[in-house]
1. What does the highest-first list of C:305-311, C:326-332 look like by mean Cβ count within 10 Å?
2. At a temperature of 4 °C and a viscosity of 1.567 mPa s, determine how fast the range B:68-299 diffuses translationally according to Stokes-Einstein, using the Kirkwood radius over alpha-carbon pairs as Rh; express D in µm²/s, rounded to the nearest whole number.
3. Relative to a virtual label point 7 Å from the Cα of C:K446 in the Cα→beta-carbon direction, which members of the range B:239-262 show backbone nitrogen distances below 19 Å?
4. For a quick check: with amide H placed at 1.01 Å from N, whose amide H comes under 5 Å from C:A52's, ignoring anything fewer than 5 positions away on the same chain?
5. Ranked from highest to lowest mean number of other Cβ atoms within 10 Å per residue, what is the order of the peptides C:287-295, B:73-81?
6. Residue by residue, what Karplus-based ³J(HN,Hα) values in Hz, rounded to whole numbers, does the range A:134-140 have, using 6.51, -1.76 and 1.60 with θ = phi - 60° and x for Gly and Pro?
7. So for chain C, averaging the separation of alpha carbon pairs under 8 Å that are six or more residues apart and normalising by length, what relative contact order in percent results?
8. In what order do C:K323, A:K229 fall by count of nearby beta-carbon atoms within 10 Å, going from fewest to most?
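Throughout, read-outs are computed from the coordinates displayed, never taken from laboratory work. Keep in mind it's a predicted model, so treat the numbers as computed, not measured. With ideal geometry, Cβ positions are generated from the backbone for all residues, glycine too; neighbour counts draw on all protein chains shown.
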Amino acid sequence: MTTELQRSPNRRPLQISQLGLHLLIAFLLLLSLVPTAIMINLSFKNGLQYRWERWTLSLPLRGSNYLSAWDVIDAYMINTVLVAVVGLAGVLILSLIGGYVFARMRFPLREPLYYAIIALLMVPWVLSFIPAYMLYNNLGLLNTRWALIIPNVAGGPIFGIFLMRAFITGIPEELYESARCDGAGAWSLIWRITFPLSLPGLATLSVLNFVAEWNSFLWPLVTISDMSKQVISVGLFRLSRTTNDLVDFGSGGPLFAGYVLASIPLVVLFIVLGKFYVEGLVESGIKM
Amino acid sequence: MSAINQRLSSWGLNSPAARRNITGYIFISPFILGVLIWFLVPAATAGWLTFQKWNLITAPRFVGLDNIENLFEDELFLQSLKVTTMYTLVAVPLGLVLSFFIALLLNTKIRGISIYRTIYYLPSIVPAVASAVLWAFILNSEFGLLNAGLRAVGLPKILWLQEPEWALPALILMSLWGLGATMVIYLAGLQGIPEVYYEAAEIDGAGAGNKLIHVTIPLLSPVIFFNLVMGIIASFQIFTAGYLITSGGPQNATLFYVLYLYRAGFLHLKMGYAAALAWVLFIIIMGLTVLIFKYVGSMIYYEDTR
Amino acid sequence: MRRVRVSRREFLTVAGATGGAALLAACAPAPAETEEGQAAAPAMEDVELQLAGWPGQGPELIEGLETFEEENPGIKATWLETPGDYRAKLLSMIAAGTPPDTAFSTDYYTFARDGLLIDITDMLMADPLLGAEDYFIQPQEEERCTWEGRWYGIGSCWVCHHVYFNRAIFEEEGIDPPSNDPDEIWTWDHFVDVARQLTVDANGNHPGDSGFDIENVERWGMNIPYWMHWSFVLSNGGYVWHPDTRLYGYDQPEAIEAVQKVADLVLVDQVMPNSATFEAIGMGFVQLLETRTMAMVIEGSWSMAYTHDMQEPLGTAVLPKMKVPATWLSAHLHTIMQGTKHVDESWKLVRFLSSPYYQELFLVSGLWLPSQTALITEEAMDRWMSLEVHREGYRNIATKWVPDYGHPMYGPPGEGEASGFIWPALDAVWIGDKTAEEALLEATPKANEVLENA
């Protein structure tokens, strides 16, 4: 490798190419922002502007679209946060424990069990759709928030264990050894050592899980009949149907204001956890 | 208590190590139990449904292997498999390369990296329902933004969502917009590469290209591999774009596998057949993953074998 | 509000004139509110009914249900709205053995055939109001509601296809606009010819002129959402599903010719853009007409409800005819699901939903067209029709176009799967990859095989 490297000339990057690099970054950034910008632009339009000035910026901006949208979707947003947070707590606990078990404990059939769990990642969601509906129905869980929380707590840790195992493997063994010498049991090894050191990993998992919950659509649509318990993606769909965007253009603005509002919690979450998120990914070293 | 200990020791399960074994099972049991009840019981029911004819309305009826035999005569099954495979073959590698490229660009020591990161990540957290509506806007052949752009530079318009040869590329284009999630993972990987490797390479006289080929890519190979596997699993289950934007058309050009499966169940009222389709999909994804692990996984460079 | 309110008294006189049952229910004494009374009458506990359907019904539905509850003490009616995939929702409920009591129909004939709906024939025939021979616009109501001669639901209303156009453009161009009166119906050729005159590119050329620039059209003559070719298959003397065999008629020359003529609007006549789905992009016809992107648009009658704030004068007209005047008719039915514990109460609700009072609630906004004869009298139309919503001459649509030339179209069992062969074939026709003959002769046998085995 060394000899091969020595053959290539040592070129200092030119200033111009640096500038080009930044221009390229800016261009790509712009490109990726276009649809988001369209969304925000549309969210400030009134009926006429929406019809006549679809793509251009038009004044005055109608901020009240956000109020109308919020009126419709506030309950859905709150419901989703509630369901997602409770579910996430379960997912984090089970993933932390599971990750620890598969990274640090030795027991018969550990590897086959682990691979069986990985295999579950590949089960298409539609496979169990109707049978699961019937199960929830038989247990009287339809139209309750449990119907939204349980699938996440049961299914979320599949990826969670996979991620946390990779992460926990990276924690130096010496830490555990010294704790074991102090007589720490498995339980306290998890809570006193693994947990504080796994925060970045858990942050990563939180972002991924929360985004997935935020987007789940068909399952809540079918299991929740009471609109007062319904979640945001169904709520957005309803907003687009009720305002009848298809033919009634006056309502296009509030619809897009609703889309923007619905994105905000995720943006905030990512900004808050973003640093940890990346750290968690770095340290897990993502091994399969 | 002693009776239990006796029994345990007779199984060789009384040593401290054995206790640790059992602790492992106990710790993992809530998860296993959850998966069994809420995940595997419905999946097993679906397995049973594979051998039934069931329209959701009247009672299921045992039909043996009919559902599986029907697969081979179903041209739409083959079409959906073809569409999904083509989508995967293009969208996954393209996404991997592009997001890797962007991550490389962003991995310079520029100020405000976290802002860039957030901006790139933004599209992947716009609610799927919203981005579907937005892209229908952009791709419309008569009034869409994309064709307005083509017209501005004097090119003829493209019937993105009506020409079968353009519909899938249009959806792939749309998927690239959500690259941010993959890109952030690369970026994390890149930041995890210790600076010393690059310094060593520079001392050896390596240029940017050499550093990329001999340092970055090998050290990042686990991350690339991770993104590859996750990308394939997700791409074979793509549903929303076909469901909300194209309804599988035009001429079945975007009839994704899961969309066809969903229709088989809820539109054609053939739940048994849908279950068979689902199992076939599971086997395909599983098989592919195993193959990738076998042939690509062996090329992966892991920094230290922990 | 431009909505005309129908007084309760008015409704009660309509219902009461022949509907003794409703009147009795309305006049039944309210349950005693003393403790004694409650203890003595445990049977008076409220019956709760669910009505399942999809959104977009407006406040009228809730208003209607409240009226129903007032008239029927002891029955609560709850609106169960599914904002997305209604079919998946309803099927899940059925599969789990917990269907709603009453529901908007989906896959009506399949549900009727498979015993999912309660046969209401006897209750309907015994009803003094609804059972009367001239209560509904016939024969269409019987045609859509009966499966093997029995009734499993009652239509909510009718909706049809017709033309919408920008009246100002016609005036400026000095062209006579089309009419709402089927007696003055345009031929297809005349319609295409007018569309050609109204289609203009940036240089003022029309299709067929040398130098016409298809890439820079300023104004299109017309637009038809492709699925609405159904009306023209009928108009050309063909059928989409045969009324007796219930098989597709897309392999018949009449259907093939009609489909080709619609496709040729884009491919040959160049009077229409190839952009099948404006709906999906929130680019509906009001915008297309008022920005003068288009001169004429064929659309569903329900869209009348969204035209009130159009900035240019709107006109409406019947569809042009290929051979005979014809329009597709549809609308959901109100059905009672098998498995309800409250058949009698559910019937009361369905009956109420089929009353002139309830239907009129939705006529006012332009969303529905009448399916009951009582609502197409001049007197009734004076009440629910207004020039702000229904433009000049629209009465002809309600009194002639729908009753005389409307054909109900509801998919037979297996249609969901069979259409999986028809739509992709049509996709190829619309963009000129195949002729209608090539595509449909290939696809129809496959689709019909599915229908035969359904």
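1. Per-residue Cβ counts within 10 Å, averaged per peptide and sorted highest first, yield C:326-332, C:305-311.
2. 65
3. From the range B:239-262, the list is B:247-262.
4. Those qualifying (amide H under 5 Å, at least 5 residues apart or on another chain) are C:L80, C:T102, C:A103, C:F104.
5. The most tightly packed comes first, giving C:287-295, B:73-81.
6. Those phi angles translate into 5, 4, 5, 5, 4, 8, x Hz.
7. 23
8. Ordered by Cβ neighbours within 10 Å, fewest first: C:K323, A:K229.
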